[in-house]
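Written out below as structure tokens is the structure these notes cover.
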Amino acid sequence: DPSVAAKVSGQFGKANLTYTFARDEHSPLVLPFEEQSEFVALGKSVSNIARARYSIKDDTYVGALFTDRRVDDGGAGTVVGGDANVRFLGNYRLEFQALASHTEEPGGIPVSLAGDPDSIDTFDSGKHTVNLDEEAYWGYGQYTSLERDARTWSFDLDYYAYSPTFRTD
């Protein structure tokens, strides 16, 4: 429910830059659990998103990403990272993305898993509770892909890794 939003983008030679700002009146928060997700209404927030990408040649580029959401009544989520796409030997491509997230939970919001008696109330080996109780933590996510795309044969080899504390809200 945005009350105001703006986007600015531009290309400067081989560089593309984009920035988006939004003020939201009713911000949702998705809580990712193993078997289900829960949604919590947080109230008003401000979001900022920035993306930079530098093209090198022939579908090859490097880039950076920054997202940030600040909730008026407390809580924030920030993600920073970089990515690259490298085409080589004609038909091969290496894609890479690495992200770090920092989460600051709002306080005073108990979370229940809709009547699930077997639900756990902690994550990250018991270091954090599922309740929104002003905890702050870092997380990471990473993706790597090696691909070959040609007429006679192709393949796609992917690797994903992320921590239990990785949040992209």
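The values are calculated or read from the model by the stated rules, or taken from the named source; none is laboratory data. Model, not experiment: these values are computed from the prediction. For neighbour counting, all protein chains shown are included, and Cβ atoms are generated from backbone atoms with ideal geometry for every residue, glycine included. Please note that ligands, DNA and RNA were not included when accessible areas were found on the heavy atoms of the full protein model with its side chains. Shrake-Rupley method; radii C 1.70, N 1.55, O 1.52, S 1.80 Å.
Things worth noting here:
- Reported count of residues in the range 91-114, each being farther than 18 Å from G81 by Cα and either small (G, A, S) or at pLDDT below 85 (or both), is 8.
- Within the span defined as the range 14-26, every residue fails to be at pLDDT 95 or above, open to solvent by 60 Å² or more (accessible area, probe 1.4 Å), hydroxyl-bearing (S, T, Y) and over 20 Å from the mean Cα position of the chain (by Cα).
- P117 vs. criteria over 20 Å from the mean Cα position of the chain (by Cα) and either at pLDDT 95 or above or within 14 Å of L132 (Cβ to Cβ) (or both): no
- Taken together, the residues in the range 1-47 that are of a type in the set (S, T, Y) and without any contact (Cβ under 8 Å) to a residue 24 or more places away in the chain amount to 3.
- The requirement of being part of a loop (DSSP other than H, G, I, E, B), open to solvent by less than 30 Å² (accessible area, probe 1.4 Å) and of a type in the set (G, A, S) is not satisfied by G43.
- Taking every residue in the range 48-71 that is in contact (Cβ under 8 Å) with a residue 60 or more places away in the chain and closer than 13 Å to D24 by Cβ and pairing it with any residue that is open to solvent by 70 Å² or more (accessible area, probe 1.4 Å) and not in a strand (DSSP E or B), at least 6 positions away or on another chain, the pairs with Cβ-Cβ distances below 9 Å are R69/D169.
- In the range 30-51, the residues that are among the aromatic types (F, W, Y) and under 23 Å from P2 (Cβ atoms): F39
- Near pairs, Cβ below 7 angstrom, 6+ apart or cross-chain, from the range 73-84 (closer than 12 Å to F166 by Cβ) to any residue that is part of a loop (DSSP other than H, G, I, E, B) and not β-branched (V, I, T): G77/R167; G77/D169
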